[in-house]
Structures are given as C-alpha cells and as structure tokens.
Amino acid sequence: MTLSPEQLVAIVIALLSGGAIGGVREWIKDRRRQPIDTSAALVAMAQSAGAQALAVTDQLQEEVTRLRGEQAQDRVATCSLRNRVGVLETELRGWGRWYAWLADAWPQIRLRPVAPEPPVSQMMPASQSILEP
Amino acid sequence: MSAADAGGEGLLHPVWVLRILYGWWALVGVQVVLAGAPLPWEPTLALMDLPDELQVTLGCWLILGAAGCLLGTARWRLISKAWAVERTGLWLSSAGWAAYALAVAQEYPAATVSWGTQVAYLAVCVVRIHVLARRERATIRALGGA
C-alpha cells in the first residue's frame, strides 16, 4: 500500500492528535482522582505484600500439617506391615524345617500307620488372617 | 508497586533501564528535529517524505513525550502525579513512535529493522501504560480505596 504524501501527513497528524487526546485524558483522570502520597503508597503496598506473604505462610503451614498427618499414618501402616512380614517369615521357617525333617525321615515316616503332626503354626487362626490388615 | 516509582534508586535498579530508554527517545527526537538542518551527518533518511514542519513537529513530539516519561520516573511527593506525568508522556511517545514507524514503513517498507524498532518502542509504551494502570489499581486497593 502506497500513501500519497498528503495522506501520510494526514495520518501522522491524526496519530499525533490521538496521542495528545490520550495524554490530556490522563491529566483529566488524574485531576478527578484522590492524590496518592508516595510514602503512604509504599507503606500500603509493603503491608499488602506482607499480608500476602503471611497468607502464603499459613497455606504452607496447613500443607505441612496435612503431610505430617499422612506421614504418621504411613508410619503406622509400615509398622503393621513389618510385623505381618515377621510373622510370615517365622511361619515359613517352621514349614521349611518341618519339610526338611519330613524329607530326611520319609523312608520311615511313610511306613508309619499314623501321619506325623504338622509344624506348630505361629500364625493367628484363619478367622484372623494376617494377610488382611 | 516497586520502589522504582518512588524514584532516586541505586544505579542497579530497573528504573534506570527505563530512564536510559526514555533518554534515548529524547535523543532520537532531537535528531529528528535536526534531520532537516544542514548537518555534516544524516541522522535519519527515513522521514524524507514528511514536510519539514511535520518532521520538526514529530521530533518535538518525541522529545516532549520522552521528557514526560523521564519526569514521571523522578521522585515525586505524590506518586499519583508521577504516574499521570509518565502516562501522559507515554501517550505522546506512543503516538510519535506510531507516526514515525508509519513514515519509515511508507518510505522503506523492506527496512524492517528501521520501522520495527519504532513498533517495538510503541509496544513498550503500551505495556508500560498497562503496567502503571495495574499498579495504580493495586495501590488504591491496598490503601483501602474502591
């Protein structure tokens, strides 16, 4: 698009006039508004920033409290699981020993009229299964 | 609101970036005014299409806008006045840069760096006007105003 010199001059003048109107509008707006003192504004903004920082701190504090609660629950769950694993290991060792004894003595045992006793279980009764928390 | 708006900060303060930019704008205005004068160098060839009077007017306009912007970044007792002065300067500057960019683009449309610089300055003006308006609203809110 090529503008004639007259058109260019007209557009430039229009743009400059627009800027002047914008500038005058700013002055009028400023005269209508309540003046704001620099030091009062700085203090107010500092207080506002402080309040915002406190709000963020409170939010973080709540988050930390929630995480601590979750951590305590996790710790309890971990202890419970550790206990159950311990019981299962004991049980497994008992069965392991019993199986070794059975395998060693199998030639004699197989001739007995009565079957041998199973190993003594460390586990709770089936009604209180350790597999379920 | 940053302390920049209170003015008079150390040299490392971001307000100095603005002051340097505004200072350069004023220097550009001076060079545009002088472009028509018989100087041993040519500050700008891009405004040849404009009549001399309009070129001088544009230069003065840029100087006036930059002066307002610079004045607005100084230390004022009333920060609202500082904002108004800077915003008035920014309005004048934005109009000046838009006119400048148009004149350059008209004469040398392929010289994208030449008119792109003025468009970037125009964008700076628009963004700064917006930032100042937002800062003003935040301050009024913090002061308990409506």
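The values are calculated or read from the model by the stated rules, or taken from the named source; none is laboratory data. All of these numbers come straight from a predicted model, not from anything done at the bench. Methodologically, a virtual Cβ is constructed for each residue, glycine included, from the backbone with ideal geometry; neighbour enumeration extends over all protein chains shown.
The table below lists the values:
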read-out	value
Selected residue (criterion: nearest to B:SER114 (Cα to Cα)) from residues of the range B:39-53 that are within 14 Å of chain A (Cβ to nearest Cβ) and of a type in the set (Asp, Glu)	B:ASP49
Residues located in the range B:54-73, provided they are more than 16 Å from A:LEU15 (Cβ to Cβ), within 12 Å of chain A (Cβ to nearest Cβ) and without any contact (Cβ under 8 Å) to a residue 24 or more places away in the chain	B:GLY72
Tally of residues being under 46 Å from the mean Cα position of the chain (by Cα) and charged (D, E, K, R) across the range A:19-41	1
Residue match in the range A:49-65 (condition: free of Cβ contacts under 8 Å to residues at least 60 places away in the same chain and surrounded by 12 or more Cβ atoms within 10 Å (Cβ to Cβ))	yes
Residue in the range B:69-88 that is at pLDDT 85 or above, closer than 20 Å to A:ILE21 by Cβ and hydroxyl-bearing (Ser, Thr, Tyr) present	yes
Where a residue in the range B:133-146 is more than 7 Å from every other protein chain (Cβ to nearest Cβ) and its partner, wherever it lies, is assigned to a helix (DSSP H, G or I) and at pLDDT 90 or above, with Cβ under 6 Å and at least six apart	B:GLU136/B:TRP83
Spans of helices (runs of 4 or more DSSP H) in the range A:1-118 with at least 1 residues within 11 Å of chain B (Cβ to nearest Cβ)	A:5-32, A:38-104
Members of the range B:98-124 that are facing chain A (nearest Cβ under 10 Å) and touching a residue at least 40 places away in the same chain (Cβ under 8 Å)	B:ALA99, B:TYR100, B:ALA103, B:GLN106, B:GLU107
Criterion (over 22 Å from B:VAL17 (Cα atoms) and touching a Phe, Trp or Tyr at 6+ places or on another chain (Cβ under 8 Å)) met by exactly one of B:ALA105, B:ALA111	B:ALA105
Residue pairs meeting the criteria (Cβ under 6 Å; at least 6 apart or on separate chains; first more than 8 Å from chain A (Cβ to nearest Cβ), in the range B:74-94; second surrounded by fewer than 23 Cβ atoms within 10 Å (Cβ to Cβ) and of a type in the set (A, V, I, L, M, F, W, C))	B:VAL85/B:LEU71; B:LEU90/B:ILE129
Residues located in the range B:109-133, provided they are farther than 22 Å from B:GLY72 by Cα and of a type outside the set (Val, Ile, Thr)	B:PRO109, B:ALA110, B:ALA111, B:SER114, B:TRP115, B:GLY116
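This table checks each residue for (1) assigned to a helix (DSSP H, G or I); (2) surrounded by fewer than 20 Cβ atoms within 10 Å (Cβ to Cβ).
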residue	(1), (2)
B:TRP83	yes, no
B:ARG87	yes, no
B:TRP91	yes, no
B:SER94	yes, no
B:TRP97	yes, no
B:GLN106	yes, no
B:ALA110	no, yes
B:TRP115	yes, no
B:VAL119	yes, yes
